[in-house]
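Working notes, structure below.
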Amino acid sequence: MEKVSYQGQTLTRWRVGQSTFLALPEIGARLMNWNITLGDGSVRDVLYWPENADFGDFAKVRGGNPILFPFNARSFDRGDIYFWRAADGIRRPMPMHGIARQGTFKLTRLDARGFVAQFVPGEEARAIYPFDYEFTVTYGFEALGLSCEFALTNLGKVPLPWSAGHHFYFTLPWSEGTTRADYAIRIPAGKRLRQDGTGGLIAGPQLNLEESIANKAILDALHTNLRSNEVVFGEKGRPGDVIMRLGTAPVPHPDATFVTWTLNDDSPFFCVEPWMGPPNAAEHKVGLHFVPPGETGKFTVTVAVR
C-alpha cells in the first residue's frame, strides 16, 4: 500500500499478488482502477478509468465503481423525476444514483488489504435523506478479486429505507483485436424488466441465459428473479472470465437485480451493476429494504477473475 500523486490528487494504491488497485476513498469511496499483471508481463485493466478524468466533477466520471446510495439510478415521485417521498409523506429531491458517489467519506481503516470509509453527509445530503444513520463502505482486496460491503446502521427511531447498488465500469474489450461480439455474459435471471419514463417497471427483453455482449437488447435491462447470485462474462473460449456474486446467499432476494449497460457502441467499457433492487424502489416498493432502529443492514458483492 502506498500513496501516489495523480492529476493533483493523492491516491492510494494497493498491490496484492498479481492485482493493483487504485482508489480515492475520501471522495465517494471510489475504487478507480483495478488491473492484473499477466504471466507474460502484460497488464489487463479489469476496471476502466479514463485518462482525462475531470476531478472537478468526480461523481460523473465514467469509470471505476461509483457507490449508489441510498437509491440507485432514477427516482420518481408521481411521475416527476429526481424526487422521492418517504413514509412521512414529504417530497424531497433525490439525485441520479443518490448522494454517496459525490459525497465526502472519512477513512476509518486503511491497511495492506483494503479500507473502510464512512460517509459524511453534508447539509444537502441530510436534507435529501433526513435520517440518523451511519453508512460505511468496506473494500477487501485479493490477488485476483475483491469484495465490497455496504453497511447501513440505523441510529434513529424510524426504519431506514434503502435500495443501494454498484456501478462497475469494466474494461471491454480487453484483448487487442477483439470486439464486443467476441464476449458473452451469463445471467441466471427469471425475469427481465425496464424502467419507463415515469419510473414504473415494465416488461423487458426476452433473453437467453447466455447472450452476446454485442446484443443491444441487454442494454438498460434489469435482470431480476435470479436463480443464482453469480454472473459470469468474458471472452468466448478463452480464460480470464469475470465472476460477480451479488449477496452472500446462493439464491438472492427475488428483487435483487443485475443491470447491463454501456454508453455508446465504441465505449471502452461495459457496466455490470449489482443492485439491491430495481430503480425507483422507494415509490413502487420492489426491492425496497428497511433497516429497523438500532440494527445494521448489509449488502455484499464480490468480483473475481479466473
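The residue pairs whose first member lies in region 137-155 and is free of Cβ contacts under 8 Å to residues at least 12 places away in the same chain, whose second member is among the aliphatic types (A, V, I, L, M) and assigned to a strand (DSSP E or B), and whose beta carbons are closer than 6 Å, counting only pairs six or more residues apart or on different chains, do not exist in this structure. Between residues in region 20-44 that are over 14 Å from LEU110 (Cα atoms) and residues that are acidic (Asp, Glu) and assigned to a strand (DSSP E or B), which pairs lie under 6 Å by C-beta distance while being six or more apart or on different chains? Matching pairs, first to second residue: ASN35/ASP45.
Here's the yes/no breakdown for (1) buried (at least 23 other Cβ atoms within 10 Å of the Cβ); (2) closer than 30 Å to ILE90 by Cα; (3) out of contact with any Asp or Glu (no Cβ under 8 Å at 6 or more places or on another chain):
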position	(1), (2), (3)
GLU2	no, no, yes
ALA29	yes, yes, yes
ARG62	no, no, yes
PHE71	yes, yes, yes
ARG74	no, yes, yes
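In this entry, ALA282 is excluded by the filter for residues that are of a type in the set (Gly, Ala, Ser), out of contact with any Lys or Arg (no Cβ under 8 Å at 6 or more places or on another chain) and buried (at least 18 other Cβ atoms within 10 Å of the Cβ). Just for region 165-186: of the residues that are touching a Pro at 6+ places or on another chain (Cβ under 7 Å) and in a strand (DSSP E or B), which one is farthest from VAL61 (Cα to Cα)? So, considering only residues that are touching a Pro at 6+ places or on another chain (Cβ under 7 Å) and in a strand (DSSP E or B), the one farthest from VAL61 (Cα to Cα) is TYR183.
Quick grid of which residues meet (1) in a strand (DSSP E or B); (2) among the β-branched types (Val, Ile, Thr):
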{"residue": "ILE202", "(1), (2)": "yes, yes"}
{"residue": "GLN206", "(1), (2)": "no, no"}
{"residue": "ASN225", "(1), (2)": "yes, no"}
{"residue": "PRO239", "(1), (2)": "no, no"}
{"residue": "PHE258", "(1), (2)": "yes, no"}
{"residue": "ASP266", "(1), (2)": "no, no"}
{"residue": "PRO274", "(1), (2)": "yes, no"}
{"residue": "LYS298", "(1), (2)": "yes, no"}
{"residue": "ALA304", "(1), (2)": "yes, no"}
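Residues in region 206-225: is at least one at pLDDT 95 or above, touching an Asp or Glu at 6+ places or on another chain (Cβ under 7 Å) and more than 30 Å from ASP132 (Cβ to Cβ)? Yes, region 206-225 contains a residue that is at pLDDT 95 or above, touching an Asp or Glu at 6+ places or on another chain (Cβ under 7 Å) and more than 30 Å from ASP132 (Cβ to Cβ). In region 96-107, the residues that are without any contact (Cβ under 8 Å) to a residue 24 or more places away in the chain and farther than 16 Å from ALA282 by Cβ never reach a residue that is acidic (Asp, Glu) and surrounded by 23 or more Cβ atoms within 10 Å (Cβ to Cβ) with C-beta atoms less than 9 angstrom apart, at least six apart or across chains. The residues in region 122-141 that are farther than 30 Å from SER19 by Cα, of a type outside the set (Phe, Trp, Tyr) and in a strand (DSSP E or B) can be counted, and the count is 1. Before we move on, is PHE105 over 30 Å from GLN195 (Cα atoms), out of contact with any Lys or Arg (no Cβ under 7 Å at 6 or more places or on another chain), crowded, with 20+ Cβ neighbours inside 10 Å and modelled with pLDDT of 95 or more? Considered against the rule, which asks whether it is over 30 Å from GLN195 (Cα atoms), out of contact with any Lys or Arg (no Cβ under 7 Å at 6 or more places or on another chain), crowded, with 20+ Cβ neighbours inside 10 Å and modelled with pLDDT of 95 or more, PHE105 comes out as yes.
Number of residues in region 240-264 that are without any contact (Cβ under 8 Å) to a residue 40 or more places away in the chain and surrounded by fewer than 21 Cβ atoms within 10 Å (Cβ to Cβ) equals 7.
The values are calculated or read from the model by the stated rules, or taken from the named source; none is laboratory data. All values derive from a computational prediction rather than experimental measurement. So basically every Cβ, Gly included, is an ideal-geometry build from the backbone, and we count neighbours across all protein chains shown.
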